[in-house]
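Participant: Just dropping this structure here.
Bear in mind that the values in this text are calculations on the coordinates, not laboratory data. These figures come from a predicted structure and were not determined experimentally. Because the Cβ atoms are built from the backbone with ideal geometry, glycine has one as well, and the counts that use them run over all protein chains shown.
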Amino acid sequence: MSLTDEQIELVRGSFAMIRDQIEPRSVGLYRKLFRFDPSLRKLFTGDIGDQTMHYMTALGVIVDNLDNDDVLMDRYTTLAEQHAMTGIGRADFETMGAALIETLRENLGEAFTEEVEEAWNAAYQELAEEMMELGNIR
């Protein structure tokens, strides 16, 4: 990981602020995602509630292990394979990143400082790039 220790702590600390109410926050994330790109809705055929919790749970594992490359690579590899099979493309990662940042901004309020936003953008960019590379996602 090329995140600084400070960025890791900012991501972890801000995620901890929303972790106790992860379910409603995850639903809000997907509402934003589908508002930003309604065509993505067709990629999710199952119960969207299950998908929202799966995403936020996976995100929690990643946040908890930002300084553990072995765990991250295992997680990224699994997620990359799943995303590649689903037909998710590079642009979809960008849309999800925008939805995630907007959800964090909305839920963290004043705690979503410029530094926190920069840390989340850096962390998400690394996650997305690694997954796209591992999944050969174009």
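Participant: Mind ordering 43-52, 122-131 by average Cβ neighbours within 10 Å, highest first?
Facilitator: On the way: 43-52: 12.8, 122-131: 18.9.
Per-residue mean Cβ counts within 10 Å order the peptides as 122-131, 43-52.
Participant: Right, here's the next one. From the list (i) 75; (ii) 44; (iii) 48, can you say which value of percent of Cα pairs over 20 Å apart was derived from the structure given?
Facilitator: So the structure-derived entry is (ii).
Participant: On to the next question. Treating only the Cβ atoms of Lys and Arg (+1) and Asp and Glu (-1) as charged, compute the dipole magnitude of the chain about its Cα centre; round to the nearest 20 debye. Don't skip to the end; give the middle numbers.
Facilitator: On the way: 12 positive and 27 negative charges, 182 e Å.
The calculation lands at about 880 debye.
Participant: While we're on this one: Work out which helices of the chain, taken as complete DSSP H runs, extend at least 18 Å along their axis over the Cα atoms and score a mean Kyte-Doolittle of 0.5 or more, then list them. The partial results should precede the final answer.
Facilitator: Working: long enough: 5-19 (21 Å, -0.05); 22-36 (21 Å, -0.21); 48-64 (24 Å, 0.56); 69-86 (25 Å, -0.52); 90-108 (27 Å, -0.12); 114-134 (30 Å, -0.69).
Once both thresholds are applied, what remains is 48-64.
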